[in-house]
Amino acid sequence: MAVKEASPVRHSARERLLAAANELFYNEGVHTVGIDRIIEHAGVAKASLYNTFGSKDELVRAYLESRQASVAERITAAVDRYDTPRERLLAVFEGQEELFAQPGYRGCAFSRASAESRPGDLTEQASEGYRRWVRALLTELAAQAGVPEPEVLARELHLLYDGSGLSARMDHDPAAAAAARSAAAVLLDAALAS
């Protein structure tokens, strides 16, 4: 009896376009990479891009939203490994360290993309949405930890979060997140003691 070989999985044009955008935009920049390169890399017709996304700006927005979903999944998984509110809050930095240790880590996709954005454009809007998500998560976890002013601590921790991402990229040091976690513990303890 002959063994039937599995046919290769054929991804949709949307999936191929997003995969191409993820690779090219992240590695080279959203404005540097033109539509023709994305289409060629994805192996789709130009009409597929416009029928699926409507414009390059919408593709950039979709790319950033997919990056946010990926980061959120990793950070949430790190947080969910713990039961105590203190450890759950500090686990955000553990999730970040996992991101930094990935091969090809080139820094925060949102920081990189927003550096190329124009005020109010879809790139800036998507980047701001990501930042609101990070701040809301930190605020919620700080409140669960019993911090009297969770918004204040969340802002301080967000600065550590951003700084560790920059340090991991510029210094090629995934351990920047561990240093940020240590500093976050000091800030958390101080906030709880006040």
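The rows are residues; the columns are (1) of a type in the set (D, E, K, R); (2) touching a residue at least 24 places away in the same chain (Cβ under 8 Å); (3) over 20 Å from Arg61 (Cα atoms).
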{"residue": "Leu89", "(1), (2), (3)": "no, yes, yes"}
{"residue": "Glu98", "(1), (2), (3)": "yes, yes, yes"}
{"residue": "Ala101", "(1), (2), (3)": "no, yes, yes"}
{"residue": "Glu116", "(1), (2), (3)": "yes, yes, no"}
{"residue": "Val152", "(1), (2), (3)": "no, yes, yes"}
{"residue": "Glu156", "(1), (2), (3)": "yes, yes, yes"}
Does Ala45 fit the bill of being of a type in the set (A, V, I, L, M, F, W, C), touching a Ser or Thr at 6+ places or on another chain (Cβ under 7 Å) and modelled with pLDDT under 95?
-> no
What are the residues in region 170-181 that are crowded, with 17+ Cβ neighbours inside 10 Å and either assigned to a loop (DSSP other than H, G, I, E, B) or within 14 Å of the chain's Cα centre (by Cα) (or both), if any?
-> Pro174
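Yes/no matrix, rows are residues, columns are (1) more than 19 Å from Phe110 (Cα to Cα); (2) assigned to a helix (DSSP H, G or I); (3) more than 21 Å from the chain's Cα centre (by Cα); (4) at pLDDT below 95:
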| residue | (1), (2), (3), (4) |
| --- | --- |
| Leu18 | no, yes, no, no |
| His31 | no, no, no, yes |
| His41 | yes, yes, yes, no |
| Val60 | no, yes, no, no |
| Val71 | no, yes, no, no |
Candidate set from region 84-112 (those that are of a type outside the set (Ser, Thr, Tyr) and more than 16 Å from Ser70 (Cα to Cα)); member that is surrounded by the fewest Cβ atoms within 10 Å (Cβ to Cβ) = Glu87
Six or more apart or on different chains, Cβ under 8 Å: which pairs go from a residue in region 125-150 that's without any contact (Cβ under 8 Å) to a residue 24 or more places away in the chain to one that's in a helix (DSSP H, G or I) and acidic (Asp, Glu)? Could you list them?
-> Thr139/Glu151; Pro150/Glu140
Can Glu87 be described as in contact with a Ser or Thr (Cβ under 9 Å, 6 or more places away or on another chain), in a helix (DSSP H, G or I) and of a type in the set (D, E, K, R)?
-> no
The residue that is farthest from Gly165 (Cα to Cα), considering only those in region 100-123 that are touching a helix residue (DSSP H, G or I) at 6+ places or on another chain (Cβ under 6 Å) and not polar (S, T, N, Q), is Leu122
Based on what the data block shows, is Ala168 in contact with a Pro (Cβ under 6 Å, 6 or more places away or on another chain), assigned by TED's automatic domain parsing to the domain that holds Ile75 and free of Cβ contacts under 8 Å to residues at least 12 places away in the same chain?
-> no
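The values are calculated or read from the model by the stated rules, or taken from the named source; none is laboratory data. This one's a predicted model, so the numbers in the text were calculated from it and none came from an experiment. Cβ coordinates were reconstructed from backbone atoms using ideal geometry, including for glycine residues, and neighbour counts include every protein chain displayed.
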